[in-house]
Amino acid sequence: MPTVMPVRSARPTIRCLTEDLGIEMPSLDVSLDDLEHPWLEELQRVADVSPEGQKRILSIDHPLVYRLRVSDHRGATWVDEERNVVWLCAVHKREDGSEDDAFEWFQSLHTSGNLLPAEDDQDRLLIDAALQVFRTEEADLLQLVDEAIARPGEELARNLADFIPCRVLVIEADGVQEVWCAISGRDADGGFVNERTKTALFRSLEQHLDPVVMEARHDWPGGQAEWFEVVRLGIR
């Protein structure tokens, strides 16, 4: 079978975002991959094939950086093959012959060591990657719960984001709905699931079921929970 390559991330460096594009740094619950701006839309458009179709910025010998254009401005992009990211490193207005020309700006950033992603960019990349994984886990959990609500009395199970085992059982009687949810403390590889992840998932579940009264339990209908499971019961 052919190897399926992950979709490339397309994101600006923090310096480019805040200085060149004039966008305030978003909070940690917003991924830089999700920001909306004409420059970032253009970057996303070319990301999967970059640098194909782009011209090199010849004044910079190494690393290989490439041109991007939006209106009368130019951008400098760099493909980070190791992390599968296309970075928008700089944006500036094109003023041919001027000392303030875009390509003069790119050269000055390169000379000063400020063109490529910095340590802060790598840190934020890891944070955003973790955020994306959590969003997938959260979506899988809420979908599993909705399926269980539609099929009361039937225990359903799934690995959230193909990684965290989870099971849900909904019991309905006398107009009361019990939503039992057990999230494993051991992941699919046998490692331990981060406590903050489990807490955040249960918080999302509570918001999804609102209005609901949630309580911690150590049992499971018809028997005991596994020692590594964290169980919550929602009553509504």
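Computed from the coordinates by the stated procedures, all read-outs in this text should not be read as laboratory data. These numbers were taken from a predicted model, which means no experiment stands behind them. Virtual Cβ from ideal backbone geometry, glycine too; neighbours counted across all protein chains shown.
So how many residues does region 85-96 have that are in contact (Cβ under 8 Å) with a residue 12 or more places away in the chain and farther than 16 Å from T13 by Cβ?
Looking only at that region, the number is 2.
Checking the conditions here, which among D162, D123, D174, D100 is touching a residue at least 24 places away in the same chain (Cβ under 8 Å) and surrounded by fewer than 15 Cβ atoms within 10 Å (Cβ to Cβ)?
Exactly one of D162, D123, D174, D100 is touching a residue at least 24 places away in the same chain (Cβ under 8 Å) and surrounded by fewer than 15 Cβ atoms within 10 Å (Cβ to Cβ), namely D162.
So in region 20-74, with the set limited to residues that are acidic (D, E), without any contact (Cβ under 8 Å) to a residue 12 or more places away in the chain and loosely packed, with under 12 Cβ neighbours inside 10 Å, which one is farthest from S204 (Cα to Cα)?
Checking each candidate, the answer is D61.
With respect to the numbered conditions (1) of a type outside the set (A, V, I, L, M, F, W, C); (2) over 30 Å from L32 (Cβ atoms); (3) part of a strand (DSSP E or B), which one is the sole condition not fulfilled by P211?
That leaves (3) as the condition not met.
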